[in-house]
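To keep things clear, I will list the structure first and then write my remarks on it.
Laboratory data are not the source of any read-out in this text; all were calculated from the coordinates shown. What you see is a predicted model; the values in this text were computed from it and never measured. With ideal geometry, Cβ positions are generated from the backbone for all residues, glycine too; neighbour counts draw on all protein chains shown.
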Amino acid sequence: MKALRQIAALTASGLRSIPDRLGASLVTVIGTATVVAVLTAMLSVSEGVKNYLAGPVKPNEAFVFSENAPGLLQSSLPREAMATVAQAPGIMRGADGKPRVTGSSIAPIDVLKKTNERGNVFILGMTEPQLEDAKLIEGRWHRPGVREVVVSDAVRKVYRGFELGDRVTTRGSEWVVVGVFEEAGHTYDQTIVTDLETMLSAFGRNTIQQISVVLVSPDDFPRFKEWLENDPTLDVDVLDPREYRRRTVGQLTNLIDFVSYFIGALMASGAICAALSSLYAAVDSRRREIATLRAIGFGAMPVVISVLLEGLLLAFGAALLGALIAWLFFNGNVVSTVGLTFPLDVSPRLVAVAIVWALAIGLLGGLLPAVRAACLPVAAALRDA
């Protein structure tokens, strides 16, 4: 109990002295808050992707990629594969009796935003005449064999040259915008849609990237998958909706996490230096006080713990400030990357990660000043004071 009372007294004394060294303390708080805000903002992208991966899916869908393709853009399937896939068991048939099988290919194109910044949207060629679950809000759907595109409303709002009737030029081909669609899930917000064969011809391609099917029931997936993967004429991976999402965007999460923590670590090193400076200043300004307390019986350990607690309290306050800044400026903002559109999410889990990160900065920044305070010679400190 005696040690606890000493720690409480020393910590309270240190906190009361903060106004006397306000500048150094603010440097620590601002530096740590900046690290937390940047780290939280960057991780909110990863959190948004994870929310997308965990979001609702259509359980009776299945997707066919080329074998071992790490993602959609790296997949390559012969056109003839569609006819083979259409013969697999378990596929639902439409009102016209045809199997619900769709082949598609996608490619990024360089465009200009209305803010004069460069950007990318994706042109999606499909065998189906329109996107399922998408609502046409202007114009009409594209016609097969004609260089026409239907654009998402998000693309029209953000980028130049995508109004109804505009002509889009890419890779030497000119495409006419004939319609605008919107889709509740935001999956196709960065997409313009056209006929598959027309796109393949314009882009000089002979292969498609993906075949998607609608099954009669999710229970049909195992036999559908086994039938295709055992077909000697095909080298494919068959994915359910969850596996499909992980294959297409799962690597993005790992990359963002790595970059976030790497940049956060670089910035944290600067924040640790600021904390060192602040807490060293705290020890120097309290040399006489600490020496007096040591002389009347306060132990070295309570001195160490009190300095560390001061650093941790400053870091904790900075963490809350940084997390608040990230939440105000980034939470809920919709971003688009690699053809995927999703909202950023500054979740409670990220706030907890930010607090732990900040406390680590406070602990590392306070360790050396705490040891210095504990090792301060009592007689020398009183004589210098």
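By the rule of a C-alpha distance below 24 Å, with chain neighbours fewer than 8 residues away ignored, the lysines paired with Lys98 are Lys58, Lys135, Lys225. Between Phe329 and Leu112, the simple label model (points 7 Å from Cα in the Cβ direction) yields a spacing of 2.9 nm.
Close amide-amide hydrogen proximity is noted between Asp237 and Phe65, Ser66, Glu67, Asn68, each under 5 Å apart and 5 or more residues distant or on a separate chain (H modeled in the peptide plane; Pro and chain starts excluded).
Assign one of three labels to region 137-277, namely rounded, prolate or oblate, based on the Cα gyration tensor with a ≥ b ≥ c the square roots of its eigenvalues; rounded applies when a/c is under 1.5, prolate when it is not and a/b is larger than b/c, and oblate otherwise. Cα axes put region 137-277 in the oblate bin.
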